[in-house]
1. So for the stretch 109-129 (the condition being more than 21 Å from S28 (Cα to Cα) and touching a Lys or Arg at 6+ places or on another chain (Cβ under 9 Å)), does at least one residue qualify?
2. If you check every pair at least six apart or on different chains, which have Cβ atoms under 6 Å apart with a residue in the stretch 30-55 that is within 16 Å of S122 (Cβ to Cβ) first and a residue that is aromatic (F, W, Y) second?
3. Can you name every residue in the stretch 114-133 that is farther than 18 Å from F45 by Cβ and either open to solvent by 50 Å² or more (accessible area, probe 1.4 Å) or not hydroxyl-bearing (S, T, Y) (or both)?
Amino acid sequence: MNRIITFLMTAILLQACAAVDDSKKSISLDQTLYYYESAMRWADFESANRLRRYAGDPAPTTDPAKLKRIKVTGYEVLSTVPSDDESEVYITVNISYYDADNLRVRSLTDKQVWQYDAKHNSWYISTPLPVFK
């Protein structure tokens, strides 16, 4: 089942990146999104947060003690839309999760903004980690 989900996610990401003509940019985006998704699925929020660029505090927006209790059960890309100049990609994701303290499954919609850094040929997320309630 996980292999099917991984295959489908890869196919969706590849299709979404078709609008990005520059192959280096597209490959870099694919790799970065795969890394971020993997970090989120394994609830490795510290690694996911390393892909974030921020104006101020690098700390996650959710209490680190609470993040340790969060277990992600699903990560589904709902939409991927590149900007006109292809320097940003807007991604909407549905994340299913539970808090180990109460075992109640919840879901949230995470609207992500990914920006391209041409100097370093890399992508980063400019939106904070989702808030798990």
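1. no
2. Within 6 Å, the pairs are T32/W123; A48/Y36; L51/Y36; L51/Y124; R53/Y124.
3. Residues satisfying the conditions are Q115, D117, A118, K119, H120, N121, W123.
The values are calculated or read from the model by the stated rules, or taken from the named source; none is laboratory data. Just so we're clear, the structure is a prediction, and the values are computed from it rather than from any experiment. With ideal geometry, Cβ positions are generated from the backbone for all residues, glycine too; neighbour counts draw on all protein chains shown. What goes into the accessible areas is simple: the full protein's heavy atoms, side chains included, and nothing from ligands, DNA or RNA. Shrake-Rupley method; radii C 1.70, N 1.55, O 1.52, S 1.80 Å.
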